Amino acid sequence: MKPLSLKKFLDMKVDEYNQPSFIKNDPVSVPHLFTKKQDIEIAGFFAAIFAWGNRTTTIQKSTQLMELMEMKPHEFCVHHDVNNLKRLLEFKHRTFNATDLLYFIEFLKFHYSKNNSLEPAFTKWMDKKDPTVENGLRGFHQYFFSLQDVPLRTKKHVAAPERNSTCKRLNMFLRWMVRKDNKGVDFGIWKNISPLQLICPIDVHVARTARHFNLLRRKQTDWSAALELTSNLRELDKDDPVKYDFALFGLGVMKKFG
(Lines give C-alpha, C1' and ligand atoms only; values in the text may rest on other atoms or scores of the structure.)
Protein backbone atom coordinates (compact mmCIF):
# COMPACT_ATOMS: atom_id res chain seq x y z
CA MET A 1 0.00 0.00 0.00
CA LYS A 2 1.06 3.58 -0.60
CA PRO A 3 1.29 5.73 2.55
CA LEU A 4 -1.89 7.63 1.79
CA SER A 5 -3.95 4.51 1.15
CA LEU A 6 -2.39 2.82 4.20
CA LYS A 7 -3.47 5.75 6.38
CA LYS A 8 -6.96 5.64 4.89
CA PHE A 9 -7.22 1.89 5.49
CA LEU A 10 -5.94 2.06 9.07
CA ASP A 11 -8.14 5.06 9.89
CA MET A 12 -11.11 3.01 8.70
CA LYS A 13 -10.04 0.13 10.96
CA VAL A 14 -9.57 2.47 13.94
CA ASP A 15 -13.16 3.60 13.47
CA GLU A 16 -14.27 -0.03 13.23
CA TYR A 17 -12.58 -1.22 16.43
CA ASN A 18 -12.62 1.96 18.55
CA GLN A 19 -16.25 1.46 19.52
CA PRO A 20 -18.17 0.66 22.73
CA SER A 21 -18.73 -2.86 21.36
CA PHE A 22 -14.94 -3.38 21.70
CA ILE A 23 -15.08 -2.92 25.48
CA LYS A 24 -16.80 -6.06 26.72
CA ASN A 25 -14.17 -8.51 25.38
CA ASP A 26 -11.16 -6.39 26.34
CA PRO A 27 -9.45 -5.80 29.72
CA VAL A 28 -10.49 -2.12 29.43
CA SER A 29 -13.94 -3.40 30.46
CA VAL A 30 -12.69 -3.71 34.05
CA PRO A 31 -12.05 0.01 34.73
CA HIS A 32 -15.33 0.68 32.89
CA LEU A 33 -17.09 -0.90 35.87
CA PHE A 34 -16.29 2.28 37.82
CA THR A 35 -17.00 6.02 37.74
CA LYS A 36 -14.73 7.35 40.52
CA LYS A 37 -11.40 8.50 39.08
CA GLN A 38 -9.19 6.65 41.55
CA ASP A 39 -11.21 3.44 41.16
CA ILE A 40 -10.81 3.67 37.38
CA GLU A 41 -7.05 4.12 37.81
CA ILE A 42 -6.59 1.20 40.19
CA ALA A 43 -8.89 -1.15 38.29
CA GLY A 44 -7.18 -0.18 35.03
CA PHE A 45 -3.72 -0.65 36.52
CA PHE A 46 -4.47 -4.18 37.72
CA ALA A 47 -6.29 -5.11 34.49
CA ALA A 48 -3.29 -3.94 32.46
CA ILE A 49 -0.77 -5.71 34.70
CA PHE A 50 -2.80 -8.94 34.40
CA ALA A 51 -3.14 -8.59 30.61
CA TRP A 52 -1.06 -11.39 29.26
CA GLY A 53 -2.38 -14.58 27.77
CA ASN A 54 -6.10 -15.14 27.37
CA ARG A 55 -8.14 -11.92 27.50
CA THR A 56 -11.19 -13.66 28.99
CA THR A 57 -9.08 -14.94 31.89
CA THR A 58 -7.55 -11.47 32.37
CA ILE A 59 -11.02 -9.94 32.66
CA GLN A 60 -12.24 -12.67 35.02
CA LYS A 61 -9.25 -12.44 37.37
CA SER A 62 -9.24 -8.62 37.37
CA THR A 63 -12.96 -8.56 38.15
CA GLN A 64 -12.46 -11.17 40.87
CA LEU A 65 -9.86 -8.93 42.51
CA MET A 66 -12.19 -5.94 42.35
CA GLU A 67 -14.90 -8.04 44.02
CA LEU A 68 -12.47 -9.03 46.79
CA MET A 69 -12.03 -5.28 47.30
CA GLU A 70 -15.84 -4.96 47.51
CA MET A 71 -15.85 -2.99 44.25
CA LYS A 72 -14.22 -0.04 46.03
CA PRO A 73 -10.55 -0.46 45.10
CA HIS A 74 -9.41 3.03 46.11
CA GLU A 75 -11.09 2.86 49.51
CA PHE A 76 -9.74 -0.66 50.02
CA CYS A 77 -6.15 0.23 49.11
CA VAL A 78 -6.07 3.31 51.33
CA HIS A 79 -8.09 2.12 54.34
CA HIS A 80 -7.65 -1.68 54.48
CA ASP A 81 -6.72 -3.46 57.69
CA VAL A 82 -5.07 -6.83 58.32
CA ASN A 83 -8.38 -8.68 58.24
CA ASN A 84 -9.25 -7.13 54.87
CA LEU A 85 -5.95 -8.37 53.46
CA LYS A 86 -6.57 -11.94 54.60
CA ARG A 87 -9.22 -12.42 51.93
CA LEU A 88 -6.58 -11.74 49.27
CA LEU A 89 -4.16 -14.45 50.36
CA GLU A 90 -5.56 -17.08 48.00
CA PHE A 91 -5.57 -14.77 44.97
CA LYS A 92 -3.44 -15.87 42.03
CA HIS A 93 -3.25 -15.02 38.33
CA ARG A 94 -0.66 -17.00 36.42
CA THR A 95 2.65 -16.11 38.12
CA PHE A 96 1.15 -13.14 40.01
CA ASN A 97 0.43 -14.29 43.55
CA ALA A 98 -0.53 -12.93 46.98
CA THR A 99 3.03 -11.78 47.74
CA ASP A 100 2.95 -9.60 44.64
CA LEU A 101 -0.57 -8.39 45.33
CA LEU A 102 0.19 -7.33 48.89
CA TYR A 103 3.16 -5.28 47.71
CA PHE A 104 1.08 -3.64 44.97
CA ILE A 105 -1.53 -2.66 47.56
CA GLU A 106 1.17 -1.39 49.91
CA PHE A 107 2.49 0.85 47.12
CA LEU A 108 -0.98 2.11 46.21
CA LYS A 109 -1.71 2.95 49.86
CA PHE A 110 1.60 4.81 50.09
CA HIS A 111 1.02 6.71 46.85
CA TYR A 112 -2.65 7.64 47.38
CA SER A 113 -1.95 8.81 50.93
CA LYS A 114 0.02 11.65 49.33
CA ASN A 115 -1.68 12.02 45.92
CA ASN A 116 -5.20 12.27 44.57
CA SER A 117 -4.36 10.43 41.35
CA LEU A 118 -1.94 7.82 40.03
CA GLU A 119 -0.92 10.22 37.25
CA PRO A 120 1.93 11.93 39.22
CA ALA A 121 3.56 8.51 39.67
CA PHE A 122 4.45 8.87 35.98
CA THR A 123 4.46 12.60 35.29
CA LYS A 124 6.78 13.74 38.06
CA TRP A 125 9.62 12.11 36.15
CA MET A 126 8.63 13.79 32.86
CA ASP A 127 8.99 17.15 31.18
CA LYS A 128 6.21 18.61 29.05
CA LYS A 129 8.71 18.71 26.17
CA ASP A 130 9.60 15.00 26.38
CA PRO A 131 8.89 13.39 23.00
CA THR A 132 7.55 10.22 24.64
CA VAL A 133 6.58 8.80 28.03
CA GLU A 134 9.90 6.93 28.31
CA ASN A 135 11.13 9.02 31.27
CA GLY A 136 7.77 8.51 32.96
CA LEU A 137 8.04 4.74 32.59
CA ARG A 138 11.62 4.71 33.88
CA GLY A 139 10.76 6.91 36.85
CA PHE A 140 7.60 4.98 37.64
CA HIS A 141 9.53 1.69 37.85
CA GLN A 142 12.04 3.15 40.29
CA TYR A 143 9.31 4.84 42.34
CA PHE A 144 7.09 1.74 42.41
CA PHE A 145 9.89 -0.33 43.89
CA SER A 146 11.19 2.35 46.27
CA LEU A 147 9.43 1.03 49.38
CA GLN A 148 11.26 -1.09 51.92
CA ASP A 149 11.35 -4.88 51.69
CA VAL A 150 10.33 -5.19 48.04
CA PRO A 151 9.82 -8.89 47.21
CA LEU A 152 12.40 -9.70 44.54
CA ARG A 153 9.90 -11.87 42.69
CA THR A 154 7.49 -8.93 42.28
CA LYS A 155 9.86 -6.92 40.08
CA LYS A 156 9.10 -9.09 37.06
CA HIS A 157 5.53 -7.82 37.00
CA VAL A 158 6.34 -4.16 36.22
CA ALA A 159 8.28 -3.55 33.02
CA ALA A 160 10.85 -0.83 32.34
CA PRO A 161 12.52 0.45 29.14
CA GLU A 162 16.00 -0.09 30.58
CA ARG A 163 15.22 -3.80 30.71
CA ASN A 164 14.46 -3.57 26.96
CA SER A 165 10.86 -4.59 27.54
CA THR A 166 8.16 -3.33 25.18
CA CYS A 167 6.33 -2.15 28.34
CA LYS A 168 3.19 -3.21 26.50
CA ARG A 169 0.95 -3.43 29.54
CA LEU A 170 1.97 -0.08 31.03
CA ASN A 171 1.70 1.59 27.61
CA MET A 172 -1.80 0.13 27.26
CA PHE A 173 -2.71 1.47 30.72
CA LEU A 174 -1.39 4.91 29.75
CA ARG A 175 -3.42 4.81 26.54
CA TRP A 176 -6.57 4.14 28.55
CA MET A 177 -5.88 6.99 30.97
CA VAL A 178 -4.61 9.61 28.47
CA ARG A 179 -6.39 9.23 25.11
CA LYS A 180 -9.62 11.19 24.85
CA ASP A 181 -12.10 10.98 22.02
CA ASN A 182 -15.86 10.61 21.67
CA LYS A 183 -15.84 6.83 21.20
CA GLY A 184 -16.11 5.83 24.85
CA VAL A 185 -13.31 3.23 25.05
CA ASP A 186 -10.34 5.21 26.41
CA PHE A 187 -10.99 7.41 29.45
CA GLY A 188 -8.86 10.53 28.88
CA ILE A 189 -8.90 11.37 32.61
CA TRP A 190 -5.21 12.31 32.77
CA LYS A 191 -4.37 15.77 31.48
CA ASN A 192 -0.62 16.15 32.08
CA ILE A 193 0.50 13.60 29.50
CA SER A 194 -0.25 14.39 25.86
CA PRO A 195 -1.58 11.67 23.51
CA LEU A 196 1.32 12.49 21.19
CA GLN A 197 3.76 11.35 23.92
CA LEU A 198 2.23 7.88 24.19
CA ILE A 199 4.04 4.75 22.97
CA CYS A 200 2.04 2.16 21.06
CA PRO A 201 1.48 -1.03 23.07
CA ILE A 202 3.11 -3.81 21.09
CA ASP A 203 2.55 -7.55 21.43
CA VAL A 204 2.77 -10.45 18.98
CA HIS A 205 -0.52 -9.47 17.28
CA VAL A 206 0.40 -5.81 16.85
CA ALA A 207 3.96 -6.63 15.80
CA ARG A 208 2.81 -9.11 13.15
CA THR A 209 0.39 -6.61 11.63
CA ALA A 210 2.90 -3.73 11.83
CA ARG A 211 5.55 -5.79 9.99
CA HIS A 212 2.99 -6.74 7.35
CA PHE A 213 2.43 -3.05 6.61
CA ASN A 214 6.15 -2.18 6.86
CA LEU A 215 5.48 -0.03 9.91
CA LEU A 216 8.04 -2.11 11.77
CA ARG A 217 11.26 -3.53 10.35
CA ARG A 218 13.02 -4.51 13.56
CA LYS A 219 12.93 -8.29 14.03
CA GLN A 220 12.98 -8.30 17.83
CA THR A 221 9.80 -7.23 19.59
CA ASP A 222 11.35 -5.03 22.28
CA TRP A 223 11.53 -1.42 23.49
CA SER A 224 13.32 -0.28 20.32
CA ALA A 225 10.57 -1.89 18.26
CA ALA A 226 7.91 -0.01 20.27
CA LEU A 227 9.73 3.28 19.58
CA GLU A 228 10.17 2.49 15.88
CA LEU A 229 6.51 1.57 15.43
CA THR A 230 5.30 4.66 17.27
CA SER A 231 7.60 6.89 15.22
CA ASN A 232 6.11 5.48 12.02
CA LEU A 233 2.57 5.87 13.36
CA ARG A 234 3.30 9.55 13.97
CA GLU A 235 3.75 9.89 10.23
CA LEU A 236 0.09 8.89 9.94
CA ASP A 237 -1.19 11.03 12.85
CA LYS A 238 1.34 13.19 14.69
CA ASP A 239 -1.12 14.19 17.43
CA ASP A 240 -2.61 10.79 18.24
CA PRO A 241 -0.36 8.00 16.93
CA VAL A 242 -1.51 5.39 19.44
CA LYS A 243 -5.09 5.40 18.15
CA TYR A 244 -3.71 2.95 15.57
CA ASP A 245 -3.33 0.40 18.35
CA PHE A 246 -7.03 -0.33 17.79
CA ALA A 247 -6.42 -1.09 14.12
CA LEU A 248 -3.18 -3.05 14.51
CA PHE A 249 -4.42 -5.10 17.45
CA GLY A 250 -7.83 -5.76 15.90
CA LEU A 251 -6.34 -6.81 12.57
CA GLY A 252 -3.72 -8.92 14.31
CA VAL A 253 -6.25 -10.83 16.40
CA MET A 254 -8.49 -11.36 13.39
CA LYS A 255 -5.48 -12.01 11.15
CA LYS A 256 -7.08 -9.81 8.50
CA PHE A 257 -4.65 -7.55 6.72
CA GLY A 258 -6.98 -6.11 4.10
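The values are calculated or read from the model by the stated rules, or taken from the named source; none is laboratory data. Everything numeric here is computed off the predicted structure, so don't read it as measured data. Reconstructed Cβ throughout: ideal geometry from the backbone, glycine too, with neighbour counts over all protein chains shown. These accessible areas exclude ligands, DNA and RNA; they are computed on the full protein's heavy atoms, side chains included. Shrake-Rupley method; radii C 1.70, N 1.55, O 1.52, S 1.80 Å.
Among the protein heavy atoms, those of THR95 account for about 70 Å² of accessible surface (1.4 Å probe, every chain in place). Taking 0.36 nm per residue of sequence separation and removing the Cα-Cα distance, the PHE9/ASP127 pair yields an extension gain of 39.1 nm. Which residue fluctuates the most in the chain, going by a Gaussian network model with Cα springs under 10 Å, if the choices are LEU89, LEU215, LEU233? Per the Cα network of the chain with a 10 Å cutoff, LEU89 tops the list.
Semi-axes of the equivalent ellipsoid for the stretch 1-91, computed as √(5λ) from the eigenvalues of its C-alpha gyration tensor and ordered from largest down, come to 35, 13, 10 Å.
The spacing between the stretch 18-39 and the stretch 208-254, judged by their C-alpha centroids, is 23 Å.
Rounded to the nearest 500, the helix-only mean residue ellipticity at 222 nm of the chain stands at -14500 deg cm²/dmol, with each DSSP H run of n ≥ 4 adding -39,500 (n - 2.57).
Site pair HIS205 and ASN83 shows an inter-label distance of 4.3 nm when each label is modelled 7 Å from Cα along Cα→Cβ. Under a Gaussian network description of the chain, with springs only between Cα atoms under 10 Å, the residue in PRO120, PRO201, PRO31 that fluctuates furthest is PRO120. At a Förster distance of 35 Å, what's the computed FRET efficiency of GLN64 paired with ASP149, Cβ-Cβ distance as r, to 0.05? It comes to 0.85. Within the full protein context, the accessible area of GLU16 is estimated at about 90 Å² for a probe radius of 1.4 Å. Could you work out the Rg to Rh ratio of the chain, with Rh taken as the Kirkwood radius (inverse of the mean 1/r over all Cα pairs)? Result: Rg/Rh = 0.96.
Measuring nothing but how far apart in sequence close Cα pairs (under 8 Å, 6+ apart) lie, relative to its length, the chain scores a relative contact order of 20 percent.
Annotation: TRP223 carries an accessible surface of approximately 10 Å², with a 1.4 Å probe and no ligand, DNA or RNA atoms counted.
Take the Cα of GLU90, step 7 Å toward its Cβ, do the same at ASN116, and the gap between the two points is 4.0 nm.
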